[in-house]
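The values are calculated or read from the model by the stated rules, or taken from the named source; none is laboratory data. Keep in mind that this is a model prediction, so the values were computed, not measured. Virtual Cβ from ideal backbone geometry, glycine too; neighbours counted across all protein chains shown. These area figures cover heavy atoms from the full protein model, side chains too; ligands, DNA and RNA do not enter into them. Shrake-Rupley method; radii C 1.70, N 1.55, O 1.52, S 1.80 Å.
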Amino acid sequence: MTTMNPTAHGSGNAATDKFKTQRVSSDTSVERASAIYQDVLDALARIIHKHEVTYDEYRVLKQWLIDVGECGEWPLWLDVFLEHDIEEVHYNRNHFTGTKGSIEGPYYVPDAPKLPATCTMPMREKDKAAPPLIFKGQVTDLEGNGLPGATVELWHADEDRFYSQFAPGIPEWNLRGTIEVDESGHFEITTLEPAPYQIPNDGPTGWFIKSYGGHPWRPAHLHLLVTAPGKRAVTTQLYFQGGAWVEDDVASAVKPELILDPKPNAGGIAEVTYNFTLDPEA
Ligand code: MBD
Ligand code: FE
């Protein structure tokens, strides 16, 4: 593991190191690879000719690509700018009809400690300064039958916009957990309301955004991975009605079906119900 500090470089290298521990592969045929790569090169050629890209611009691109790699920011850049299209294709080509997915992003960590169906997320004293949120619901199949054995993995940033394991000094599993639903598929999680989120922008991804006059903000969000035996896992995110950047997410990952509208409960604590429906396994 490279040293981590709360900079784009630190979180980027941590995300890259984590990604490299996976052994990824794909059964893509030579024919399919040829068709995809040819289209990629054709698209780039069209862009170069259309915009009459200069040698200076070409060299800046080359330097930027080198910088993104050296800073470990490929997971960040790819997940922010391309993953939403990959996710959309994944949902459509499999003809899913259950809960909509959204991008995983660079900060998922598998095997978060198990928590019971009714639980409070692991958090520090300082995290408790943020307003609490009760997030509850049921995991069901497409017919609405509760799914015992389902798990709801939840991870999100703290109020300082840091994810545990991707910034220094945060307990390993802070604001991360694998919630095991009860016999009827229900869960009730107490956590804190996440804040709007600025993606790390003091590195080459931030430079890229500034170069086209964009902004680095994502709306406040919860990340989720919902699984159940025999069902297709859903990786998704949930957002908050009326929140900053919900209409203008740098990662283009908001969908209307994924917006929560918590209301104060009898005790004055923000509470919201969201049910997950899982498609059967193919
Ligand atoms: C995040 O928290 C995130 O969700 C994405 C998609 C990119 C960077 C940071
Ligand atoms: Fe995130």
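Of the residues making up segment 217-248, just one is free of Cβ contacts under 8 Å to residues at least 40 places away in the same chain, within 12 Å of ligand 1 (Cβ to nearest atom) and open to solvent by 20 Å² or more (accessible area, probe 1.4 Å), namely TRP217.
Does segment 70-88 contain at least one residue that is away from ligand 1 (no atom under 16 Å from the Cβ), open to solvent by 30 Å² or more (accessible area, probe 1.4 Å) and assigned to a loop (DSSP other than H, G, I, E, B)? Before the answer, list the steps.
First pass over segment 70-88, keeping only residues away from ligand 1 (no atom under 16 Å from the Cβ): 70.
From what's left, open to solvent by 30 Å² or more (accessible area, probe 1.4 Å): 70.
Next, from what is left, pick out any that are assigned to a loop (DSSP other than H, G, I, E, B): none.
No, the conditions are met nowhere in segment 70-88.
Restricting attention to segment 249-282, which residues are charged (D, E, K, R) and open to solvent by 50 Å² or more (accessible area, probe 1.4 Å)? Of everything in segment 249-282, those that are charged (D, E, K, R) and open to solvent by 50 Å² or more (accessible area, probe 1.4 Å) turn out to be GLU257, ASP261, LYS263, GLU281.
Counting the residues of segment 189-214 that are farther than 30 Å from ALA117 by Cβ, open to solvent by 40 Å² or more (accessible area, probe 1.4 Å) and touching a residue at least 12 places away in the same chain (Cβ under 8 Å) gives 5. Within segment 101-125, residues that are of a type outside the set (Phe, Trp, Tyr) reach no partner that is away from ligand 1 (no atom under 16 Å from the Cβ) and at pLDDT below 95 with beta carbons closer than 6 Å at six or more positions or on different chains.
Summed over segment 231-281, the residues that are of a type outside the set (S, T, N, Q), outside any strand (DSSP E or B), over 16 Å from the mean Cα position of the chain (by Cα) and closer than 21 Å to THR190 by Cα give a count of 8. For segment 151-182, filtering for residues that are away from ligand 2 (no atom under 16 Å from the Cβ) and either more than 16 Å from LYS114 (Cβ to Cβ) or not in a loop (DSSP other than H, G, I, E, B) (or both) leaves 8.
Output yes when any residue across segment 158-169 is touching a His at 6+ places or on another chain (Cβ under 6 Å), open to solvent by 10 Å² or more (accessible area, probe 1.4 Å) and within 16 Å of ligand 1 (Cβ to nearest atom), and no when none is. Checked segment 158-169: no residue is touching a His at 6+ places or on another chain (Cβ under 6 Å), open to solvent by 10 Å² or more (accessible area, probe 1.4 Å) and within 16 Å of ligand 1 (Cβ to nearest atom).
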